Amino acid sequence: MKSGIQFNQGDIVIVPFPFSNLTAVRQRPVLILSKSAYSKECEDIITCGITSNLKDSKYSVLIDNFNLIEGSIPVKSRIKIDKLFTLEQSIVIKKIARINKETFKKVRQEFLDLI
């Protein structure tokens, strides 16, 4: 775990993502899906991507600052439930926000529809 920071289900964090050609890295937001207990026991977190591309797409949830109980996001965004990543907690750059329970329920339902 990075510097003793506890990451929780529903947190939005910034992580480094490589470009597809692996020539550079860009900082990107992700939503933590894994339960908080998992984050305490494991070095990894299970996440899904967040994009500012608002094009309607299946298995996604639209969010803005009204969907947050902590922090803020710079622009309206879309949580992409079908873009799953297991990441080591140590690569998290910072936590920027936390979604509310109602929004997480929508994310959970989209995930269940996906699987």
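FYI, it's all coordinate maths here, none of it is from the lab. Bear in mind that the values here come from a model prediction, so they are computed numbers and not experimental data. Methodologically, a virtual Cβ is constructed for each residue, glycine included, from the backbone with ideal geometry; neighbour enumeration extends over all protein chains shown.
Between the amide H of Glu70 and those of Arg98, distances stay under 5 Å, these residues lying 5 or more places away or on another chain, with hydrogens modeled in the peptide plane. Taking amide H as placed 1.01 Å from N in the peptide plane, the amide H of Gln9 sits under 5 Å from that of Ser36, each at least 5 places away or on another chain. Our summary gives the chain a relative contact order of 30 percent, counting only alpha carbon pairs under 8 angstrom and 6 or more residues apart. Under a Gaussian network description of the chain, with springs only between Cα atoms under 10 Å, the residue in Asn100, Asn67, Asn21 that fluctuates furthest is Asn21. With the helix formula -39500 (n - 2.57) applied to DSSP H stretches of n ≥ 4, the chain reaches a computed 222 nm mean residue ellipticity of -5000 deg cm²/dmol.
Each of Leu54, Leu87, Leu33, Leu112 was scored by other Cβ atoms within 10 Å of its Cβ. Listed from fewest to most, they are Leu112, Leu54, Leu87, Leu33.
Subtracting the Cα-Cα distance from 0.36 nm times the residue separation, let me have the gained length for Asn53 to Phe111 in nm, one decimal.
18.9 nm
If you build a Gaussian network model of the chain, linking Cα atoms that sit under 10 Å apart, which residue out of Thr86, Thr23, Thr51 swings the most? So, out of Thr86, Thr23, Thr51, the one fluctuating most is Thr23. Taking amide H as placed 1.01 Å from N in the peptide plane, Ile63 has its amide H under 5 Å from the amide H of Ser77, Arg78, Ile79, each at least 5 places away in sequence or on another chain.
Per-residue 3J(HN,Hα) values for the stretch 49-56, derived from phi via the Karplus relation 6.51 cos²θ - 1.76 cosθ + 1.60 with θ = phi - 60°, read x, 10, 10, 8, 6, 8, 3, 4 Hz in sequence order (x marks Gly and Pro). Each 5 Å bin from zero holds the following percent of Cα-Cα pairs in the chain: 2, 12, 23, 25, 21, 12, 4, 1. Here the Karplus curve 6.51 cos²θ - 1.76 cosθ + 1.60, taken at θ = phi - 60°, turns the phi angles of the stretch 69-82 into couplings of 9, 8, x, 7, 10, x, 9, 4, 9, 10, 7, 9, 5, 7 Hz, with x standing for Gly and Pro.
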